[in-house]
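Undergrad: Quick one: structure below, then a few questions.
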Amino acid sequence: MKRIYIKEEACMGCHLCEVYCQLQHATSKDPLKAFAKGSGKILPRLSIEVKTPVSFSAQCRQCAEPPCVYACLTGALRKNPDNGIITLDTEKCIGCWTCVLVCPFAAVKQDKTLGKSLRCDLCPGEATPACVANCPNEALVYTETEGLSNDSRN
C-alpha cells in the first residue's frame, strides 16, 4: 500500500501542502473561485507543525491497525481490505470526535461548521495526492510501504 512520508529535514513550513489540499477538496478547482469570500471555508485535511528548527506535515498515516476505525461509533470510518486505505463516510459521521481523540498522530480534524470529521483521503482519483504533487521542496513522498509496522513512520 502507498503512504505519504515526511522528510522533516526538507520541510520549510511553507503551508503549500495545506493550500493544495484545500483546493483539491474545493468545489471549484480555480484558486480564485475556491478561496473567494463567501464560497465557504475549505479546511485542509492535514496541518503543518512548525517547531523550530523542524517543520513537518501531519496527516493520516493510514495505520495498519487504525485506532480511529476501531473507535468509530457509527462505522463512518472504514479500512478497505483490498488496498488498506481508510475512508470516511461523512453521511454516517455524527461528529462525536472519538476518532480525533484516539488518533496517535493528531491527523483527524474537526470541521465544526459541518459537525463532521476530516482526514486525509489520499486524493481519490489522483495518481499522487495534491499535497505531495505540489510540495516545492519534495518534503512529502508518496511511496509503497509493504512490510512496515504501525510505528511513527506510518
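Values quoted throughout were computed directly from the atomic coordinates according to the rules given, and no laboratory measurement underlies them. Every value quoted in this text rests on a predicted model; they were computed, and no experiment measured them. Every residue, glycine as well, gets a Cβ built from its backbone with ideal geometry; the counts of neighbours run over all protein chains shown.
Undergrad: Inspect all residues belonging to the stretch 103-118 and state whether any of them is touching an Asp or Glu at 6+ places or on another chain (Cβ under 9 Å), within 18 Å of Gln24 (Cα to Cα) and not β-branched (Val, Ile, Thr). Give the derivation first.
TA: Going residue by residue through the stretch 103-118, those that are touching an Asp or Glu at 6+ places or on another chain (Cβ under 9 Å) are 106, 117-118.
Imposing the further condition that a residue be within 18 Å of Gln24 (Cα to Cα) reduces the set to 117-118.
Next cut, not β-branched (Val, Ile, Thr) only: 117-118.
Within the stretch 103-118, one or more residues are touching an Asp or Glu at 6+ places or on another chain (Cβ under 9 Å), within 18 Å of Gln24 (Cα to Cα) and not β-branched (Val, Ile, Thr).
Undergrad: Quick check on this structure: which one of Leu73, Leu32 is out of contact with any strand residue (DSSP E or B) (no Cβ under 6 Å at 6 or more places or on another chain), within 19 Å of Ala130 (Cα to Cα) and exposed (fewer than 14 other Cβ atoms within 10 Å of the Cβ)?
TA: Details: Leu73 fails: within 19 Å of Ala130 (Cα to Cα).
Step by step, each of Leu73, Leu32 is checked, and only Leu32 is out of contact with any strand residue (DSSP E or B) (no Cβ under 6 Å at 6 or more places or on another chain), within 19 Å of Ala130 (Cα to Cα) and exposed (fewer than 14 other Cβ atoms within 10 Å of the Cβ).
Undergrad: Still on this structure, I have one more. Identify, please: which residue in the stretch 101-125 is free of Cβ contacts under 8 Å to residues at least 60 places away in the same chain and under 14 Å from Pro44 (Cβ atoms) and is, among those, surrounded by the most Cβ atoms within 10 Å (Cβ to Cβ)? Break it down into steps so the answer makes sense when it comes.
TA: Restricting attention to the stretch 101-125, the residues satisfying the condition of being free of Cβ contacts under 8 Å to residues at least 60 places away in the same chain are 101-106, 108, 110, 112, 114-117, 124-125.
Within this subset, residues satisfying the condition of being under 14 Å from Pro44 (Cβ atoms) are 106, 108, 110, 117.
On the way: Ala106: 11, Val108: 23, Gln110: 15, Ser117: 25.
Among them, the one singled out is Ser117.
Undergrad: Only one of (1) surrounded by fewer than 21 Cβ atoms within 10 Å (Cβ to Cβ); (2) of a type in the set (S, T, N, Q); (3) under 16 Å from the mean Cα position of the chain (by Cα) is not met by Ser57, so which one is it?
TA: All conditions are met except number (1).
Undergrad: Asp89 is checked against (1) under 18 Å from the mean Cα position of the chain (by Cα); (2) under 26 Å from Ala139 (Cα atoms) and fails just one. What number does that condition carry?
TA: (2)
Undergrad: Could you please find all residues in the stretch 111-128 being under 22 Å from Arg3 (Cβ atoms) and either out of contact with any Phe, Trp or Tyr (no Cβ under 8 Å at 6 or more places or on another chain) or in a loop (DSSP other than H, G, I, E, B) (or both)? Spell out how you get there, then give the answer.
TA: At the first step, the residues of the stretch 111-128 found to be under 22 Å from Arg3 (Cβ atoms) are 117-128.
Scanning the stretch 111-128 gives Leu118, Arg119, Cys120, Asp121, Leu122, Cys123, Pro124, Gly125, Glu126, Ala127, Thr128.
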